[in-house]
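Worksheet for the structure shown next.
The values are calculated or read from the model by the stated rules, or taken from the named source; none is laboratory data. Computed from a predicted structure; not experimentally measured. Cβ atoms come from the backbone with ideal geometry, glycine included; neighbour counts cover every protein chain shown.
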Amino acid sequence: MEISYDKVIKTCQVPPGKKVRIGDYDPAWLGGVKGGGKMLLKEQAKGLLEVNRRELAKAQELLWASDTHAMLLVFQALDAAGKDGVVKHVMSGVNPQGCQVFSFKVPSEEELDHHFLWRYSTRVPERGRIGIFNRSYYEEVLVVRVHPELLERQRLPGGSREKGFWRQRYEDINAFEKHLAANGTVILKFLLNVSRAEQKRRFLDRLKDPGKNWKFSPADIAERAHWNAYQEAFSDMLSATSTDWAPWHVMPADHKYMTRAMVSTIVTNTIRDLGLEYPKVNAEQRRGLAAAERKLLAER
């Protein structure tokens, strides 16, 4: 199997305007490869990731130099799906000056006194940079939907909290992302889709390995009890907010090497397809450069 960009997109991109279910996407997808072929696929995925890292470093430099676009990468997932690992492995070759990562925790009192998009809007990347949201404003239609009691902390005006409420939040998010896209921010959204069985295996691994104990929280088990509610929330979110200007990609997360190879392929190809160029030097600037060169060469 060849891990091509077209195959990756066909497998994981959520068509805008189409109602989908998270169950439509295989968390252990390997393109039909079985048996001994899995090892070959794993090696190919690792090789592709390395190639993409080098290409992404070049693409990020071009993004910085052209200063016309920004890129926002949004990662959502249940616990132990591998978000941190994807960010670490995919972005490891990028110049730190051109990349910024934000991991959003429980909102502060100041943040709760603003509209639900406020704290995220203050962190969007400037032109020339790649911004990464490790969890994002989509928590407001995922965690908050599964735990509606969290809405009380937001001190919202009175009104319905039923389906119309969540539909309005989806519309607000779509409008926010459309505004960003219209002003040069390329948005790519990734939902790391891990199976219940694989999440259990990774939790047990964290519990058994002293070096990984720090990664585990009792809250992880509490959230696992809401598995079905999260699957429903994911499905509705994907259906309502995958758009032409900010598409969702459901990444198979049971095999980390596939997740990383596929994310790096999408990010690298998306920047490349922007057709960016280094800034052109006009005639007056070229004369200035020539003068500077003559001056340097004349130094003793």
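Observations, loosely collected:
- Extreme residue, farthest from ALA219 (Cα to Cα), among residues of the stretch 109-122 that are part of a helix (DSSP H, G or I) and aromatic (Phe, Trp, Tyr): TRP118
- Within the stretch 81-101, residues that are touching a residue at least 12 places away in the same chain (Cβ under 8 Å) and on the phi > 0 side of the Ramachandran plot reach partners that are surrounded by 17 or more Cβ atoms within 10 Å (Cβ to Cβ) and charged (D, E, K, R) with beta carbons closer than 6 Å, at six or more positions or on different chains, in the pairs GLY82/LYS256.
- Evaluation of LEU63 against the conditions (1) in a helix (DSSP H, G or I); (2) touching a Gly at 6+ places or on another chain (Cβ under 7 Å); (3) under 16 Å from HIS249 (Cβ atoms) shows that the sole unmet condition is (3).
- VAL106 passes every criterion in (1) more than 26 Å from LYS212 (Cα to Cα); (2) among the aliphatic types (A, V, I, L, M); (3) out of contact with any strand residue (DSSP E or B) (no Cβ under 7 Å at 6 or more places or on another chain); (4) not in a helix (DSSP H, G or I) apart from (1).
- Number of positions in the stretch 272-296 that are closer than 30 Å to VAL51 by Cβ and either in a helix (DSSP H, G or I) or basic (Lys, Arg) (or both): 2
To keep it simple, each residue is scored yes or no on (1) among the hydrophobic types (A, V, I, L, M, F, W, C); (2) modelled with pLDDT under 95; (3) in contact with a Ser or Thr (Cβ under 7 Å, 6 or more places away or on another chain).
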{"position": "ALA197", "(1), (2), (3)": "yes, no, no"}
{"position": "LYS200", "(1), (2), (3)": "no, no, no"}
{"position": "TRP214", "(1), (2), (3)": "yes, yes, no"}
{"position": "ALA219", "(1), (2), (3)": "yes, yes, no"}
{"position": "ASN228", "(1), (2), (3)": "no, no, no"}
{"position": "SER239", "(1), (2), (3)": "no, no, no"}
{"position": "MET251", "(1), (2), (3)": "yes, no, yes"}
{"position": "GLY275", "(1), (2), (3)": "no, yes, no"}
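- Of the criteria (1) of a type in the set (D, E, K, R); (2) surrounded by 19 or more Cβ atoms within 10 Å (Cβ to Cβ); (3) over 25 Å from ASN52 (Cβ atoms), which one LYS200 fails: (2)
- ARG155 surrounded by fewer than 18 Cβ atoms within 10 Å (Cβ to Cβ) and on the phi > 0 side of the Ramachandran plot: yes
- Given (1) out of contact with any helix residue (DSSP H, G or I) (no Cβ under 9 Å at 6 or more places or on another chain); (2) surrounded by fewer than 18 Cβ atoms within 10 Å (Cβ to Cβ); (3) not hydroxyl-bearing (Ser, Thr, Tyr), index of the condition GLU171 fails: (1)
- Residue match in the stretch 123-139 (condition: in a helix (DSSP H, G or I), closer than 24 Å to VAL101 by Cα, among the aromatic types (Phe, Trp, Tyr) and touching a residue at least 60 places away in the same chain (Cβ under 8 Å)): yes
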